[in-house]
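Visitor: Pasting a structure below so you can have a look.
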Amino acid sequence: MFKAVKNACLVPFNGEFQLSEASTHVKTLSKDKTYKKRLEKLVDELGDLQRRLYASDQYSVLLVFQAMDAAGKDSTIRAVMSGIDPSGCQVFSFKQPSSEELDHDYLWRTAKSLPQRGRIGIFNRSYYEEVLVVRVHPEYLGGQKLPFKVELDELWQQRYESIRDHEKHLARNGTVVLKFWLNVSRDEQRKRFLSRLDEPQKNWKFSSGDVDESALWPEYMNAYEQALNASSRPWAPWYAIPADDKPYARLQVAETIVASLRSLNLQYPEVTRRQLEDIGKMRKLLEKPL
């Protein structure tokens, strides 16, 4: 079973992660001439690793991205996955659940979108919304038609347990689960909201609801801290990525994904003697003049 690659952004597995000590900004190489070259090399290597993943057809990869609004999830996914063959990758964004989704358990809508072997699946938001947004807005539970009344504290613990079990099941069956929390500061979020107002081409991104949710920042930070502590495990690790500097965040995400795939020692399938004989026969046929 896959085990997490350790780096400075890895959320510990012992439940002692403290959000107050998690940096949103560090000194970066984003203005260094070597920065783009480093990211380009990682993107190229990720493309090669994805082809090996596809050819070996044993593992699947699930990348989960969670963050506050304007943290850069979309741009990070675009930048890091730019070298991936689209036929081997799929992206799903999960927003407000539909009536059909509310008629199922909360894991259903994401479970049916899991990547098959050989492919990389990306969740832009995920089942973690059920212990983040719904925890901050417990009134949303009213639409979920839950048959049993449970105290809220117990309900969140039950959901953490279900998520851990779900991810361990995936890992046991060959899915590499990597989860990224893009940790943006409240002040940086405010600046990015303003840029959406100042730049006409970004106006479409702005929503007054985003500002309303930002007012609940302490509640969201508590929800994130609880969720990351409850569900960062060796087989499904969380990485808390400082995200005030977008280039740095992209580099950290890329390095983590590449290092994780390297650890799988992915190889192209070996060709059997029979296949080599068939290849020889086909070569002779193809080399004959038309």
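Visitor: Given the residues 192, 172, which is the only one that is of a type in the set (Lys, Arg), touching a residue at least 60 places away in the same chain (Cβ under 8 Å), within 20 Å of residue 242 (Cα to Cα) and out of contact with any His (no Cβ under 8 Å at 6 or more places or on another chain)?
Guide: Numbers: 172 fails: within 20 Å of residue 242 (Cα to Cα).
It is 192.
Visitor: Could you list all residues from the stretch 177-215 that are over 22 Å from the mean Cα position of the chain (by Cα), modelled with pLDDT under 95 and among the acidic types (Asp, Glu)?
Guide: Scanning the stretch 177-215 gives 198, 199, 212.
Visitor: Among the residues of the stretch 118-165, write down those that are more than 19 Å from residue 103 (Cβ to Cβ) and at pLDDT below 95.
Guide: 149, 150
Visitor: Quick check, is residue 95 modelled with pLDDT under 95, under 18 Å from the mean Cα position of the chain (by Cα), exposed (fewer than 15 other Cβ atoms within 10 Å of the Cβ) and outside any helix (DSSP H, G or I)? Give the steps one after another, and end with the answer.
Guide: On the way: modelled with pLDDT under 95: yes; under 18 Å from the mean Cα position of the chain (by Cα): yes; exposed (fewer than 15 other Cβ atoms within 10 Å of the Cβ): yes; outside any helix (DSSP H, G or I): yes.
Taking the combined requirement at face value, the residue satisfies it.
Visitor: Right, another one. List pairs: first residue in the stretch 198-213 and under 23 Å from residue 129 (Cα atoms), second residue among the charged types (D, E, K, R) and outside any helix (DSSP H, G or I) anywhere in the structure, Cβ distance under 7 angstrom, at least six positions apart or on different chains.
Guide: 210/69; 213/69
Visitor: Now for a separate question. Out of the residues in the stretch 167-177 that are hydrophobic (A, V, I, L, M, F, W, C) and part of a helix (DSSP H, G or I), which is nearest to residue 9 (Cα to Cα)?
Guide: The first filter runs over the stretch 167-177 and keeps only residues hydrophobic (A, V, I, L, M, F, W, C), leaving 170-171, 176-177.
Checking which are part of a helix (DSSP H, G or I) leaves us with 170-171.
Numbers: 170: 23, 171: 21 Å.
Checked the stretch 167-177; the qualifying residue nearest to residue 9 (Cα to Cα) is 171.
Visitor: Just to be sure, is residue 174 in contact with a helix residue (DSSP H, G or I) (Cβ under 7 Å, 6 or more places away or on another chain) and more than 21 Å from residue 222 (Cα to Cα)? First the steps, then the outcome.
Guide: Details: in contact with a helix residue (DSSP H, G or I) (Cβ under 7 Å, 6 or more places away or on another chain): no; more than 21 Å from residue 222 (Cα to Cα): yes.
So residue 174 does not fit the description; no.
Visitor: Return the total of residues in the stretch 47-83 being hydrophobic (A, V, I, L, M, F, W, C), within 15 Å of the chain's Cα centre (by Cα) and over 19 Å from residue 113 (Cα atoms).
Guide: Here is the first cut: in the stretch 47-83, the residues hydrophobic (A, V, I, L, M, F, W, C) are 49, 53, 55, 61-65, 67-68, 70-71, 77, 79-81.
This time we only want the ones that are within 15 Å of the chain's Cα centre (by Cα), so: 61-65, 67-68, 71, 77, 79-81.
After this cut, where a residue has to be over 19 Å from residue 113 (Cα atoms) as well, the list is 67-68, 71, 79-80.
The qualifying residues number 5.
Visitor: Restricting to the stretch 178-226, give me the number of residues that are part of a loop (DSSP other than H, G, I, E, B) and aromatic (Phe, Trp, Tyr). Spell out how you get there, then give the answer.
Guide: Going residue by residue through the stretch 178-226, those that are part of a loop (DSSP other than H, G, I, E, B) are 184-185, 199, 206-207, 215-216.
From what is left, the residues that are aromatic (Phe, Trp, Tyr) are 206.
Qualifying residue count, the stretch 178-226: 1.
Visitor: On to the next question. Need pairs with beta-carbon distance below 8 Å; first residue surrounded by 15 or more Cβ atoms within 10 Å (Cβ to Cβ) and within the stretch 37-57, second outside any helix (DSSP H, G or I) and acidic (Asp, Glu); sequence gap 6+ or separate chains.
Guide: Once the first residue is surrounded by 15 or more Cβ atoms within 10 Å (Cβ to Cβ) and sits in the stretch 37-57, its partners that are outside any helix (DSSP H, G or I) and acidic (Asp, Glu) give 47/85; 50/85; 51/85; 54/85.
Visitor: Moving on to the next point. Report whether or not residue 118 is more than 30 Å from residue 39 (Cα to Cα), in contact with a helix residue (DSSP H, G or I) (Cβ under 8 Å, 6 or more places away or on another chain), of a type in the set (Gly, Ala, Ser) and surrounded by fewer than 20 Cβ atoms within 10 Å (Cβ to Cβ).
Guide: Working: more than 30 Å from residue 39 (Cα to Cα): no; in contact with a helix residue (DSSP H, G or I) (Cβ under 8 Å, 6 or more places away or on another chain): yes; of a type in the set (Gly, Ala, Ser): yes; surrounded by fewer than 20 Cβ atoms within 10 Å (Cβ to Cβ): yes.
So residue 118 does not fit the description; no.
Visitor: Pull up the stretch 36-72, narrow it to residues that are in contact with a Pro (Cβ under 7 Å, 6 or more places away or on another chain) and not polar (S, T, N, Q), then point me to the one that is nearest to residue 132 (Cα to Cα).
Guide: So the first thing to find is which residues in the stretch 36-72 are in contact with a Pro (Cβ under 7 Å, 6 or more places away or on another chain), and the list is 55-56, 60-62.
The next check asks that each one be not polar (S, T, N, Q); those that pass are 55, 61-62.
On the way: 55: 37, 61: 23, 62: 19 Å.
That would be 62.
Visitor: Further, regarding this structure: Based on this model, can you work out whether residue 184 counts as in contact with a strand residue (DSSP E or B) (Cβ under 7 Å, 6 or more places away or on another chain), surrounded by 12 or more Cβ atoms within 10 Å (Cβ to Cβ) and aliphatic (A, V, I, L, M)?
Guide: Working: in contact with a strand residue (DSSP E or B) (Cβ under 7 Å, 6 or more places away or on another chain): yes; surrounded by 12 or more Cβ atoms within 10 Å (Cβ to Cβ): yes; aliphatic (A, V, I, L, M): yes.
Yes; evaluated as a whole, the condition is true for this residue.
Visitor: Please go through the stretch 98-127 and pick out each residue that is closer than 17 Å to residue 53 by Cβ and either among the β-branched types (Val, Ile, Thr) or assigned to a loop (DSSP other than H, G, I, E, B) (or both).
Guide: Start the filter on the stretch 98-127 by keeping residues that are closer than 17 Å to residue 53 by Cβ, which leaves 114-122.
Once the filter is applied, which keeps residues that are closer than 17 Å to residue 53 by Cβ and either among the β-branched types (Val, Ile, Thr) or assigned to a loop (DSSP other than H, G, I, E, B) (or both), the stretch 98-127 yields 114, 115, 116, 117, 118, 119, 120, 122.
Visitor: Out of all the residues in the stretch 247-255, is one or more out of contact with any helix residue (DSSP H, G or I) (no Cβ under 8 Å at 6 or more places or on another chain), farther than 30 Å from residue 184 by Cβ and assigned to a helix (DSSP H, G or I)?
Guide: First, pick out the residues of the stretch 247-255 that are out of contact with any helix residue (DSSP H, G or I) (no Cβ under 8 Å at 6 or more places or on another chain): 248, 252.
Going one step further and asking which of them are farther than 30 Å from residue 184 by Cβ, we end up with none.
Scanning the stretch 247-255 turns up no residue that is out of contact with any helix residue (DSSP H, G or I) (no Cβ under 8 Å at 6 or more places or on another chain), farther than 30 Å from residue 184 by Cβ and assigned to a helix (DSSP H, G or I).
Visitor: Which pairs have Cβ atoms under 6 Å, sit 6 or more apart or on different chains, and link a residue in the stretch 229-245 that is assigned to a strand (DSSP E or B) to one that is crowded, with 22+ Cβ neighbours inside 10 Å and among the charged types (D, E, K, R)?
Guide: From the stretch 229-245, the pairs are 238/179.
The values are calculated or read from the model by the stated rules, or taken from the named source; none is laboratory data. The shown structure was predicted, so the numbers you read here are calculated from the model rather than taken from an experiment. Note that we place each Cβ from the backbone using ideal geometry, even for glycine, and neighbour counts take in every protein chain shown.
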